[in-house]
1. Just the residues that are facing another protein chain (nearest Cβ under 7 Å), without any contact (Cβ under 8 Å) to a residue 60 or more places away in the chain and in contact with a Leu (Cβ under 9 Å, 6 or more places away or on another chain), please, taken from the range B:72-91.
2. Identify, from the list C:L18, C:L11, C:L29, the residue that is modelled with pLDDT under 70, farther than 22 Å from C:L88 by Cβ and facing chain B (nearest Cβ under 9 Å).
3. Return yes when A:A244 is in a helix (DSSP H, G or I), modelled with pLDDT of 85 or more and farther than 30 Å from A:L183 by Cα and no when it is not.
4. Kindly establish whether B:A257 is of a type outside the set (V, I, T), surrounded by fewer than 19 Cβ atoms within 10 Å (Cβ to Cβ) and within 11 Å of chain C (Cβ to nearest Cβ).
5. I need a count of the residues in the range C:94-122 that are part of a helix (DSSP H, G or I) and in contact with a Leu (Cβ under 7 Å, 6 or more places away or on another chain).
6. Testing B:S237 on (1) surrounded by 15 or more Cβ atoms within 10 Å (Cβ to Cβ); (2) facing chain C (nearest Cβ under 8 Å); (3) not basic (K, R), one condition comes back false. Which one is that?
7. Kindly indicate whether C:G119 is free of Cβ contacts under 8 Å to residues at least 40 places away in the same chain and at positive phi.
8. Kindly provide the set of residues from the range A:41-73 that are assigned to a loop (DSSP other than H, G, I, E, B), closer than 21 Å to A:C190 by Cα, small (G, A, S) and within 14 Å of another protein chain (Cβ to nearest Cβ), ordered by number.
Amino acid sequence: MDAIRTEALTKHYTVGFWRPRPYVALDGLTLQVQTGEVFGFLGPNGAGKTTTLKLLMQLIFPTSGRADILGKPAGDIDVKRRIGYLPENPYFYDYLTAQELLEYFASLFGYSPAERRTRASRLLDEVGIGAERRLQLRKFSKGMLQRVGIAQALINEPEVVFLDEPMSGLDPIGRREIREMILRLRDRGCTVFFSSHVLADAETLCSRVAIMAKGRLVTAGALSDMLAFQVRGWELVVSGLTDAVLAAAKARGDVMRVTMVGPARHALDLPLDPPPEKTLAALIAQGACLVSLTPIRDTLEDFFVQQVSGAGGSRFRESA
Amino acid sequence: MKVIGLVAVNVFKESVRDKVLYSIVAFAVMLMSTTYLIGQLTAGQDIKIIKDLGLASISIFGLLIAIFIGIGLVWKEVEKRSIYTLLPKPMRRQEFLLGKYFGLVLTLVINIAVMTAAFYLVLALMRLLEPGIDAVSAAPATDAAMLKAIALVVVELMLVTAIALFFSTFSSPFLSALLTAGLWVAGHFNSDLRNFGAVVASPTLAQLTRAMYYVLPNFSAFDVKSQVVHAQAVPASYVALTCAYGLTYIALVLVGAAAIFARRDFK
Amino acid sequence: MRAAIAAMVLLGVAVVGLQALDDRARAALVPQEAAADLLYVQSPDVLTRASLSYTALVADLYWIRAVQYYGGMRLSNGEKKYDLLYPLLDLTTSLDPRFDIAYRFGAIFLAEDYPGGAGRPDLAIALLQKGLRAQPGKWQFAEDVGFVHYWWLHDPTTAADWFNRAGDMPGAAEWLKPLAAVTLAEGSNRESSRRLWREIGRTAEVEWFRRQADFRLKQLDAMDGIDVLERAVQMYRERAGAYPASWPDLIRAGLVRRIPADPTGLPFRLDASNGKVTLDPASSLNPLPAIEQAR
């Protein structure tokens, strides 16, 4: 059974007051996410990621198509018991403390008062909210609200958790903590469906991704299988090489381009063949000192730019 | 069902934290000070004036709470996006809406109960200080019949709350407040509408005013304040019938609100 | 959704039904409650202060209530009580002292004989004099005071005095002074009444006054008609020794040409036992005012 399954899921909004026109926020999305997967839902802003998540949460209703979670239609009360959801830029009741908020949400799942308290405390520990949990949420920063948001999404030990931009508003340390938490969830057998516009988040976490642009699904599958993200070459930064050695390497075809990046420090563009280990070994033998070696490939941003410039056409439907 | 209670308690908690109950303190201070002032100014009629004033302020304070909290109940959740985390929890949208409604009703009832207690306390105190006071007024100072008037005020305010909630499921707070207050005023002048129908010449206009009279909530029916103050009989059957009217109207408005709310997109 | 609509229809029907029941219960509740409800406040001063900056609007509201109260009482089948009419008008004109219509119509409502009106010409005059205090140059108010004296109090001397006063005011109608002279000379009779109503009808700015004048002129015509017919009946009796049994008797005797009708077209009634001629009870001209024929 798929954890999440959508079929031709479509959402139109009507925009414009004087001349209302339907705007296609999501256009025929068909997607399957398997149980236990960490699934990255990627795309630039406005690609339809949040719309999809809201449709799955039944915060909005589809114009056509259907969405199932755990084999039942989205919005089913039984399904809601078994899932968690973090909205984009979450916001909560100003007048409650973090502890009270989590206990309130826990109560909605029918837990006993003692159980509510232990679950709330444990999750706040887990997302790194310390003594601040006794403060009213109005005093919380954006990053802290994001952490509380993640905690509340996990209050019922969900089988499927939906995270809308979980890394946004967090500093690098926070991002790493969230990544670790997602991996822990995966190890527990939880299906994680998260949206992001940052490729690096997906690369380190996801078994599979879907890439969205302009309300349409562009491609879905494992990132490593996607041609657009194959390694095209290597960038090698070395120091301590003479111009003669560099010229010789260039003449052999081992090095495509040389850029001076500092005193006696060069950045070299290497082709895929010969393998970079070989070229590196040869250069080290001639007195080079390794600074860094990184693969060259398209970033998600490059990919988005290509898609957005390539896929023309208006998202407004022509009204007959 | 249990969810409705949980949401309601949370609304009550919010109103306490937002210091809504301070209105009770304002009420008590106002009542005490006017009591003192009127005691200095008039003779004999002061019990009547204090009763009028007390009953009127209970209903006005209640009205302000009902309208100004009622219109924000749903709107605030949507505007601040807190509804995004709440609705995916295991609850139906109707349960959320009813929870909000009963939470505010709970706030109102507690508010009015405390104000009523303070009101009777002031009256009892006056009676203690001036033992002959009952002889000059139509009804005893601590007349239990006033509870009938207060009970009807509670039902009236429950209806106002339902109307405010109804409007707030699809319009802005400003518009909701305007519409709710407008309906409240129109509902109080409803009997004029009926009389108007009796004196206009055009039968179409007479029918129109008659139709409006039945469609608009008849808030004037809930007002028996002057009757209880003048010790005129208000039979229990009248109170019961008016309550039945109010509760049926509330059910009507809430079903409408739930039907709209259940289909709404939260963009 | 269908269930919600069905529930709402059902509840809507219940609401209307309960309101109808509740209305009946409330009517039985406190009969005199209407009084307190209608006035809210007895003192014009208090009300003026309480209505903040909306005095004109509140005045309109009370004026509408006064009209509804008067109209409702006139149409009601039960006992007609007009005791709140003056307080309502007093409140209206205190809130908005330049509410001309309230003075003029209010005076008419108050002066009209019971049960058609309050039958209180004294209060009508008090209201108009209050208007004159607020707007001393308003000659229409003085004219109306004269009119009340003339028509309802049958006091042509005081009436002529007021018509004179009205005529002296700047911008007054030119017919007031002659009217005053005629009233004084002839007293209260149909000819001067006819002159008065004709002028009112001719100069009225408000349709209601025109219709009222037309109505009063028809009444005067009917009264003249009755006098002529009664004289004919007397002549018949002198000739035939008995009252005529019906109009055809008079026609055969050549005293009238056809069955006589009042200005609204309804035939006059003839009482064969005493020779009295009256209006048909269904005639809209009833009841006729008591004004003597010209000397």
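1. Selection gives B:T85, B:P88, B:K89.
2. The unique qualifying residue is C:L29.
3. For A:A244, the condition - in a helix (DSSP H, G or I), modelled with pLDDT of 85 or more and farther than 30 Å from A:L183 by Cα - is not met.
4. no
5. 8
6. Single failed check for B:S237: (1).
7. Yes; evaluated as a whole, the condition is true for this residue.
8. none
The values are calculated or read from the model by the stated rules, or taken from the named source; none is laboratory data. As the structure is a prediction and not an experimental result, all values here were calculated from the model. With ideal geometry, Cβ positions are generated from the backbone for all residues, glycine too; neighbour counts draw on all protein chains shown.
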